[in-house]
Amino acid sequence: MRKEALEWASSSTAEMDGSPKLIDLWTHYKENDLPKLSANRQTAYKIARKKLEPLMGRQIHTLCLDELQDTINAACPTFYTARDCKTVLKALYKKAMSDNGSLVVKNVADFIVLPKSEEAEATPFTEDELKKMWTAFDKGDYFIGYILLMCYTGMMPVELLQCRKEFVDTEKCEISKCGAKTKKRKTAVIVYPEILRPVVESLMKSKGDKLLAINKDNFYIEFYDCLARCGIEKKVPYSCR
């Protein structure tokens, strides 16, 4: 009996040690559930996952509400990013609760409090924020050049992503054939100021035929990461317009 008790205790401890980590639950979610969502939702939840990085190595049963709340408060200044983090956490908790022998019996993420929603989230960049971007570009932060191009031309993400280098005339400081949405915009020539010439010339040195050779998901991830490096918060791509 003593031997059996020791074996049971050992297996019980092993089960606790083997409680899934957030990163493992995220991997399962990313491979099985995330692909079923729209491209925009997938991008939003991938960004949310990066916001939750401080917790990803933790076993889910060891987390308490205060830790979840503090992490989201620190990483998510806006309602929408906080909401996405809460949604991701709820999905991970749901998965953990569905496993046999799970140590998780309650979806703690349900109790996370979100910041107040701000309707006018797409506020323009300020002069001070533009200065921060120029400083970052001058120091070698290459991707910030794309954001500067959007700010000075009003280009939308879809227009930037479909812009080919052959559409760019660096002598005239003009970009053509990449307009989107409306008929007028599709035929209009995008003109950028002389101050942006060295930025565009730098972007033209990228690999491939496109000015920016990444997909939409990675663009949004890079966009927010780039602004974070500059110390800029509460902005979205449409803040460039």
**Q.** Enumeration of residues in region 48-67 that are among the hydrophobic types (A, V, I, L, M, F, W, C) and within 19 Å of the chain's Cα centre (by Cα)
**A.** 48, 52, 55, 56
(Q) Please go through region 176-234 and give me each residue that is part of a helix (DSSP H, G or I), over 30 Å from residue 74 (Cα atoms), at pLDDT 85 or above and of a type in the set (D, E, K, R), ordered by number. (A) 194, 197, 201
Q) Within region 156-205, can you find the residues that are among the acidic types (Asp, Glu), open to solvent by less than 70 Å² (accessible area, probe 1.4 Å) and farther than 16 Å from residue 146 by Cβ? A) 169, 174
Q | Residues that are in contact (Cβ under 8 Å) with a residue 40 or more places away in the chain and either open to solvent by 50 Å² or more (accessible area, probe 1.4 Å) or touching a Gly at 6+ places or on another chain (Cβ under 7 Å) (or both), drawn from region 42-55 | A | 46, 50
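Yes/no per residue for (1) under 21 Å from residue 27 (Cβ atoms); (2) surrounded by fewer than 19 Cβ atoms within 10 Å (Cβ to Cβ); (3) under 18 Å from the mean Cα position of the chain (by Cα); (4) modelled with pLDDT of 95 or more:
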position: 70; (1), (2), (3), (4): no, yes, no, yes
position: 80; (1), (2), (3), (4): no, yes, yes, no
position: 84; (1), (2), (3), (4): yes, no, yes, no
position: 100; (1), (2), (3), (4): yes, yes, no, no
position: 103; (1), (2), (3), (4): yes, yes, no, no
position: 117; (1), (2), (3), (4): no, yes, no, no
position: 120; (1), (2), (3), (4): no, yes, no, no
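The values are calculated or read from the model by the stated rules, or taken from the named source; none is laboratory data. All values reported here derive from a predicted model rather than from experimental measurement. Don't worry about glycine lacking a Cβ; one is built from the backbone with ideal geometry, like all the others, and counts go over all protein chains shown. Heads up: the accessible areas ignore ligands, DNA and RNA and are worked out on the full protein's heavy atoms, side chains in. Shrake-Rupley method; radii C 1.70, N 1.55, O 1.52, S 1.80 Å.
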